[in-house]
1. Which strands (runs of 3 or more DSSP E) sit wholly inside the stretch 48-112 and have at least 3 residues that are over 17 Å from the mean Cα position of the chain (by Cα) and either closer than 18 Å to L212 by Cα or outside the structural domain of R137 (by TED's automatic domain parsing) (or both)?
2. Here is a list of conditions, (1) aliphatic (A, V, I, L, M); (2) in the same structural domain as G37 (by TED's automatic domain parsing); (3) surrounded by fewer than 23 Cβ atoms within 10 Å (Cβ to Cβ), and L165 meets all of them except one; can you say which number that is?
3. Of everything in the stretch 128-162 that's hydrophobic (A, V, I, L, M, F, W, C) and modelled with pLDDT under 90, which residue is farthest from S45 (Cα to Cα)?
4. Quick check, is R206 under 13 Å from R159 (Cα atoms), at pLDDT 85 or above, among the basic types (K, R) and within 18 Å of the chain's Cα centre (by Cα)?
5. Pairs under 8 Å by beta carbon, first residue farther than 23 Å from A198 by Cα in the stretch 159-187, partner of a type in the set (V, I, T), six or more apart or different chains?
6. Take the residues in the stretch 138-163 that are over 19 Å from the mean Cα position of the chain (by Cα) and not in a helix (DSSP H, G or I), then tell me which one is farthest from E211 (Cα to Cα).
7. Going by the conditions given, is A62 without any contact (Cβ under 8 Å) to a residue 40 or more places away in the chain, buried (at least 16 other Cβ atoms within 10 Å of the Cβ) and under 30 Å from G148 (Cα atoms)?
8. Within the stretch 124-137, restricting attention to residues that are without any contact (Cβ under 8 Å) to a residue 12 or more places away in the chain and assigned to a helix (DSSP H, G or I), which residue is farthest from the chain's Cα centre (by Cα)?
Amino acid sequence: MVRLGGQEAPAVVGRPPVTGAVQQLSVVGGHPLGLLGLCGALAGSHQVSRLTASTPRGAVLADLSCAGCAPTADELARLARDHHLVLLVGAGTLGLAEEALANGATAAVGAWEPVAELRRAVRAASAGEACTTASVRAAGSRVREVRGLLSRQEQEVLRLYGADLPVKTVARRMGITVGTAKEYLKRLRAKLAARGMAVSTKVDLRVLAEELGLLRPAQRCGSSAPAVEVRSLREVAG
């Protein structure tokens, strides 16, 4: 798991008092228990329910706090076309959030941020106003910076090799020789290691590829703690 500035803490805790009319908010993605947390966090201002086919156009929250339960990039792009899409971003879905914002998502808030930031983002999106927190913008900038270190070919090697494919298969899919694939792998590891990123194992590379949005996160809801922890992009980029 990639942690962002220490232990990741979900935003959906606490019930600060809110006055005014209660609005509807549909949620897509996230673990079932996460929906209960969102109900508590937005109590008094929003009636929270799961997104359905009959949900009218309005604010929709995509819960990306759990990488294994997050919608795909294509699903988020479709939602952004039909709704004012708010992203609740986890440390492992920064790249996915960056792509969703580029495809029209209205707002984004980090799952590590206070409940007040979540409420502010939802209110802004309900009014059709763009609202991405400074913390998410900074984290996204670090994702782009790390991706910028790697060439297109190196990113593709990272994506395929991180998906647990052998080097021979990576080379075949890319239409290059095995030696060239190994050279790309060697170069990307050297670039990342120079920035203090531990990427010596396939697990390291998979976690990084997921965080950068190059690879769909593995379904691991309810699993035990990961065996390998990669340094966060915040630590790497300073």
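The values are calculated or read from the model by the stated rules, or taken from the named source; none is laboratory data. What you see is a predicted model, and the numbers here were worked out from it, not measured in a lab. Methodologically, a virtual Cβ is constructed for each residue, glycine included, from the backbone with ideal geometry; neighbour enumeration extends over all protein chains shown.
1. In the stretch 48-112, there are no strands (runs of 3 or more DSSP E) which contain 3 or more residues that are over 17 Å from the mean Cα position of the chain (by Cα) and either closer than 18 Å to L212 by Cα or outside the structural domain of R137 (by TED's automatic domain parsing) (or both).
2. (2) is the only condition that L165 fails.
3. V146
4. yes
5. Hits for this filter: K168/V178; A171/T177; A171/V178; A171/T180; M174/V157; V178/V167.
6. Per the criteria, the residue is S151.
7. no
8. Only one residue fits best here, namely A134.
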